[in-house]
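Notes for the one structure printed next.
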Amino acid sequence: MTRKQVYFIADGFQALDLFGPLDTFMEANACVPNAYASKLLSIVAGPVRTAYGQQVNADFGLGDDIDLDDLIICGGSGMRTLTLGAQQLAALSTLADKAERVFSICTGAFVLAQLFPEQALTLTTHWRYCENLARQHQHCTVSADPLYIQDQHVWSSAGVLSGVDLALAIVREDHGNSIAAQVAKDLVVYLQRSGNQHQYSDALALQSGDSLKLSPLMDWLSTQLNQSVTVSRMAEFCNLSERQLTRLFKQHLNCTPSHYFKTLKLNHARDLLCEENISLQHVSGKLGFNSYDSFRRAFIRQFGVSPSHYTKGINR
């Protein structure tokens with residue numbers, strides 16, 4: 001069955017908020033033919049300008065009769081400040097009620113929140129605008145941390161590129177891990193940025209002052225995932241004492257060096273589990289865990305699900 005997706009845009013929308021998710025879903029069609037079909041919706045059909053002045057043409061206007069499964073509301077400076085008239089808002093709300101799922105990309109959450117005024121929603125948006133969203137729409141709980149959030153049939157995502165993370169999560173929900181992994185590979189993106197991953201990545205947290213001392217170590221650790229690396233060895237790599245290194249990690253990443261390295265290993269394990277015909281014991285041994293049981297316990301602590309449960313969606 002083809003899922004009919006409609007993207008709502010208005011003048012001043014962010015181009016990547018549209019084309020990031022759209023390309024993700026269209027790429028999925030190469031793996032699952034006719035999985036998704038897409039159309040563009042605006043206040044009126046016709047030309048719509050991006051935030052930087054380029055134009056696209058909307059297929060539909062809010063007065064048109066539209067059949068849809070997913071309503072996707074894009075963000076951008078124009079969407080964040082968009083004022084809809086009563087009839088326009090009613091028409092868009094009717095579409096949202098008809099849709100099986102409603103997504104917002106970045107500051108599209110400012111429009112989405114208007115569509116469900118009586119529903120207590122948990123949403124996210126770009127970290128810079130979370131306070132404004134919470135203040136303007138007090139029926140919503142706004143979280144500045146995650147990359148995306150699902151609240152029943154309503155999904156919201158953080159800034160710009162997290163729309164691709166949300167779209168990959170939807171592909172994974174619709175067609176399983178294996179298809180989502182192939183789409184991510186074709187797009188040359190990192191598949192497993194989970195929704196509860198913070199908007200600020202480890203790399204971004206390290207782009208100032210003394211924290212830059214950790215960047216070479218982080219790069220090196222990413223090449224040592226099948227090894228056992230002690231804190232002493234890490235400190236030696238950085239020409240720091242163990243105490244200095246631990247202080248830097250706690251200050252800038254809020255964790256110890258050993259915890260950070262274990263997290264790297266587990267994230268890599270999650271990627272490996274998306275490969276077909278790979279054994280859980282092989283993954284455990286490849287990453288240097290003493291036993292499968294210790295790997296399983298660590299995986300559950302990190303992701304809230306066992307490795308075997310995680311792989312169940314791969315061949316759906």
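When peptides 123-134, 36-47, 70-81 are sorted by average Cβ neighbour count within 10 Å, with the highest value leading, the order is 70-81, 123-134, 36-47. About its Cα centre, the stretch 202-311 has a charge dipole of approximately 360 debye under the convention of +1 per Lys or Arg Cβ and -1 per Asp or Glu Cβ, with nothing else charged.
Considering only Leu240, Gly176, Ile105, and ranking their Cα positions along the charge dipole of the chain that arises from unit charges at the beta-carbon of Lys, Arg, Asp and Glu, the one farthest toward the positive end is Leu240. The packing ranking of peptides 136-147, 8-19, highest mean first, is 8-19, 136-147, where packing means the average number of other beta carbon atoms within 10 angstrom of each residue. Counting only DSSP beta bridges whose two residues both lie in the stretch 1-111, roughly 20 percent are antiparallel. Taking every DSSP beta bridge that has both ends in the chain, the antiparallel portion is near 30%. With Cα atoms defining each centre, the stretch 145-186 and the stretch 71-116 are spaced 19 Å apart in the structure.
Packing, taken as the mean count of other beta carbons within 10 Å per residue, orders the peptides 228-237, 103-112, 20-29 from highest to lowest as 103-112, 20-29, 228-237. Listed values for the stretch 301-311 are Karplus-derived 3J(HN,Hα) couplings in whole Hz (6.51 cos²θ - 1.76 cosθ + 1.60, θ = phi - 60°), namely 4, 6, 10, x, 8, 6, x, 5, 5, 4, 7, and x replaces Gly and Pro.
Quick one: grab the alpha carbon gyration tensor of the stretch 1-129, order the square roots of its eigenvalues as a ≥ b ≥ c, and give me rounded if a/c is under 1.5, else prolate or oblate depending on whether a/b is larger than b/c. Rounded is the answer for the stretch 1-129, as its axis ratio a/c remains below 1.5. Rounded to the nearest 20 debye, the dipole magnitude of the chain is 1160 debye, with +1 charges on Lys and Arg beta carbons, -1 on Asp and Glu beta carbons, and the Cα centre as origin. Is there a pair in Lys185/Lys213; Lys98/Lys185; Lys185/Lys250; Lys185/Lys286; Lys213/Lys286 whose C-alpha atoms are over 27 Å apart, and which pairs would that be? Long pairs (Cα-Cα over 27 Å): Lys185/Lys213; Lys98/Lys185; Lys185/Lys250; Lys213/Lys286. A helix-only calculation puts the chain at -13000 deg cm²/dmol for mean residue ellipticity at 222 nm, using -39500 (n - 2.57) for each DSSP H run of at least four residues, averaged over all residues.
For the stretch 15-124, a simple Cβ point-charge model (Lys and Arg +1, Asp and Glu -1, everything else neutral) yields a dipole of about 380 debye relative to the Cα centre.
Bear in mind that the values in this text are calculations on the coordinates, not laboratory data. No experiment lies behind these values; they were computed from the predicted model shown. Virtual Cβ from ideal backbone geometry, glycine too; neighbours counted across all protein chains shown.
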